[in-house]
Ligand SMILES: [Zn+2]
Ligand SMILES: [Zn+2]
């Protein structure tokens, strides 16, 4: 077989979240990212969703490392599950590893893991690969694109990126290096598709700072409460700057906010004057116009600080008519409803609320079409696979690459589970591995689609309980058929359904008994089928049906 490398996509292609892929050369494997995804509202009881790691675990002896592109949960959040089976060195920038290590130690799995810090521009031998870490701008500091120097040429993984020319920390995307790699010859580009539908260029993060400063200045008497992602250190820096410049002390609220601020200050990636920081308990010692609160909960998460503030059940501090709450964020699709609830509740407290629909208090961390085109032009790949996006994002990204001159033969739209091979001949799909959703609920158990289907039926149609006793000797029902429902309305229409159900089940059982059926299991099924048929055909309902027929 000719020289080739293989890429296996385990998550993130077809959804925003649970990013994970494996790169393979000479039988050795390097994993890039191990992220999680948050559930949709109809995934009842699900806390998080992981990639299916079975394919990797079966090959754990061949895995040399896990490389993290940056510190977001959709790239690092499933590490704690993966490292239980695949304990290999974890590479990343100091801040990226700091965030990851914090969550791993919360989950008590950081103990015997090896973390290897890398700097911008550094090149490392990792397994059979020569890996280069390239600075890119994103909504968390220290994000990296990766370049794998392989035997078939260079593979560039963009990571999550935007091309911010005025980043808060002055660390720009290393376009010079990307262009140099393009000169050397990039065999495959894997690139972030999140904003591939959006024309133009993403706003610079710095633009948000100017807006915040103006909003703070316009409200000298008001306490400013700003919610943002706890990992968005540059946003936190800008909120803190606005507070400092308008004479406000800063109080941080939220466990992850406090932990991340502490880590980022230690790494000198967040510059705050200790004299500006106060404890939340001391807020009331200051006039409202002298305080800025920076907190979590910008996505309406029910347990985060902003939700608790909106319901009036945060400790130490209540918001009211003296406060202006800024949601320095954009709701992730699926979170709009919860964010709306929080904003409503804040209005009930007579609090002023400003979000990204009224003022440009947020900038995305992902490249739009203009930047994606620029990236393609810098890297000039021979082959391209869009990653990190819902299906339509990847389609748009593929079209963009073709419009830049790449032949459609060299562009492949892949999905989770797809395996591709890159060789001097080009790009081809070679197989499929299991890559379904792995659901995790509160008890940390992981399960597949089946119980969720049942939870959806329970939530939508409730549950029906049918019981009956059969007298084998007398060949008749020993007791009346009993049908009860939970989660049903108690009006007369439901009563009618229950009456009809009872007689349908009774008739079906009579028939079965007449045919000499005295098997309890089989009679239970008869009852279940009779009820299911009536409900489905006549009433269009699909409750979960539980039957118990006892033969005496
Ligand atoms: Zn990200
Ligand atoms: Zn991401």
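The numbers here are math on the coordinates, done by the rules we state, and not lab data. For clarity, every value in this text was computed on a predicted model and none was experimentally measured. Methodologically, a virtual Cβ is constructed for each residue, glycine included, from the backbone with ideal geometry; neighbour enumeration extends over all protein chains shown.
In percent, what relative contact order does region 111-152 have, based on Cα pairs under 8 Å that are 6 or more apart in sequence? It would help to have the intermediate numbers written out before the result.
Numbers: 52 pairs, mean separation 12.5, N = 42.
Relative CO of region 111-152 lands at 30 percent.
If each residue of separation counts as 0.36 nm, what is the full-extension length gain between residue 550 and residue 465 once their alpha-carbon separation is subtracted?
Numbers: separation 85, 0.36 × 85 = 30.60 nm, distance 1.38 nm.
Separation in residues times 0.36 nm, less the Cα-Cα distance, equals 29.2 nm.
Can you put 387, 67 in order, fewest other beta carbons within 10 Å first?
Numbers: 387 25, 67 28.
Exposure proxy ranking, most exposed first: 387, 67.
Taking only Cα atoms, what is the 0 to 90° angle, nearest 10, from helix 175-184's long axis to the longest principal axis of the chain?
The angle comes out at about 80 degrees.
At 7 Å along Cα-to-Cβ for each site, give me the label-to-label distance between residue 286 and residue 268 in nm.
Rounded to a tenth, the inter-label distance reads 2.7 nm.
Cα gyration tensor of region 205-354, axes a ≥ b ≥ c as square roots of the eigenvalues: rounded (a/c below 1.5), prolate (a/b > b/c) or oblate? Numbers along the way, then the final one.
Details: a/c = 1.38, a/b = 1.17, b/c = 1.18.
Since a/c stays below 1.5, the shape of region 205-354 is classed as rounded.
What list do you get for 66, 413, 466 if you sort them by fewest beta carbons within 10 Å?
Values: 66 27, 413 17, 466 23.
The most exposed by this proxy come first: 413, 466, 66.
Give the dimensionless ratio obtained when the Cα radius of gyration of region 25-122 is divided by 2.2 N^0.38 Å. It would help to have the intermediate numbers written out before the result.
Details: Rg = 13.8 Å, N = 98, 2.2 N^0.38 = 12.6 Å.
Dividing the Cα radius of gyration by 2.2 N^0.38 Å gives 1.10.
Among 61, 418, which comes first, then next, by fewest other beta-carbon atoms within 10 Å?
Details: 61 7, 418 22.
Lowest to highest Cβ neighbour count: 61, 418.
Based on alpha-carbon atoms only, what is the radius of gyration of region 70-183 relative to the globular estimate 2.2 N^0.38 Å?
Working: Rg = 14.8 Å, N = 114, 2.2 N^0.38 = 13.3 Å.
Relative to the rule-of-thumb radius for its length, region 70-183 sits at 1.11.
Express in whole angstrom the spacing between the alpha-carbon centres of region 204-225 and region 152-166.
First find each Cα centre; the distance between them is then 32 Å.
Stokes-Einstein diffusion coefficient for the chain at 4 °C in a medium of 1.567 mPa s, Rh from the Kirkwood formula over Cα pairs: what value in µm²/s? Mind showing how you got there, number by number?
On the way: Rh = 26.4 Å.
The diffusion coefficient I find is 49 µm²/s.
Taking N as the number of residues in region 451-551, what is its Cα Rg relative to 2.2 N^0.38 Å? If you can, show how the numbers build up before the last one.
Working: Rg = 13.7 Å, N = 101, 2.2 N^0.38 = 12.7 Å.
For region 451-551, the normalised Cα radius of gyration is 1.08.
Between 0 and 90 degrees, rounded to the nearest ten: what's the tilt of helix 205-217 against the longest Cα principal axis of the chain?
Relative to the chain, helix 205-217 is tipped by roughly 90 degrees.
Report the rotationally averaged projected area of region 364-453 based on its alpha-carbon convex hull, in square nanometres. Don't skip to the end; give the middle numbers.
Values: hull surface 34.2 nm².
The orientation-averaged projected area of the Cα hull of region 364-453 comes to 8.5 nm².
Which value in Å is the Kirkwood Rh of region 305-353 over different Cα pairs?
Values: mean 1/r = 0.0906 Å⁻¹.
This gives a value of 11.0 Å.
For region 475-552 and region 31-96, what is the separation of their Cα centres, given in Å?
After rounding, the separation between the Cα centres reads 46 Å.
For region 381-440 and region 174-199, what is the separation of their Cα centres, given in Å?
Region 381-440 and region 174-199 have Cα centres separated by 14 Å.
Given labels modelled 7 Å from the Cα in the Cβ direction, how far is it in nm from residue 537 to residue 495?
Result for the modelled spin labels: 2.7 nm.
How much length is gained on full extension from residue 321 to residue 478, taking 0.36 nm per residue of separation minus their Cα-Cα distance?
Details: separation 157, 0.36 × 157 = 56.52 nm, distance 6.78 nm.
Net length gain for the segment: 49.7 nm.
Give the relative contact order (percent, whole number) for region 451-551; include only Cα pairs under 8 Å separated by 6+ residues. Don't jump to the answer; show the numbers that get you there.
Details: 147 pairs, mean separation 39.0, N = 101.
Contact order relative to length: 39 percent.
May I ask for the angle, rounded to the nearest 10°, between helix 255-266 and the longest principal axis of the chain, with both axes built from Cα atoms and the value confined to 0 to 90°?
The answer is roughly 20 degrees.
Per DSSP H run of at least 4 residues, take -39500 (n - 2.57); add these up for the chain, divide by its residues and hand me the 222 nm value, nearest 500 deg cm²/dmol. Write out the running numbers ahead of the final one.
On the way: 15 runs with 172 residues, N = 552.
The helix-only estimate for the chain comes to -9500 deg cm²/dmol at 222 nm.
Considering Cα pairs under 8 angstrom that are at least six residues apart, work out the relative contact order of the chain and quote it in whole percent.
Numbers: 1220 pairs, mean separation 84.5, N = 552.
Once divided by the residue count of the chain, the mean separation gives 15 percent.
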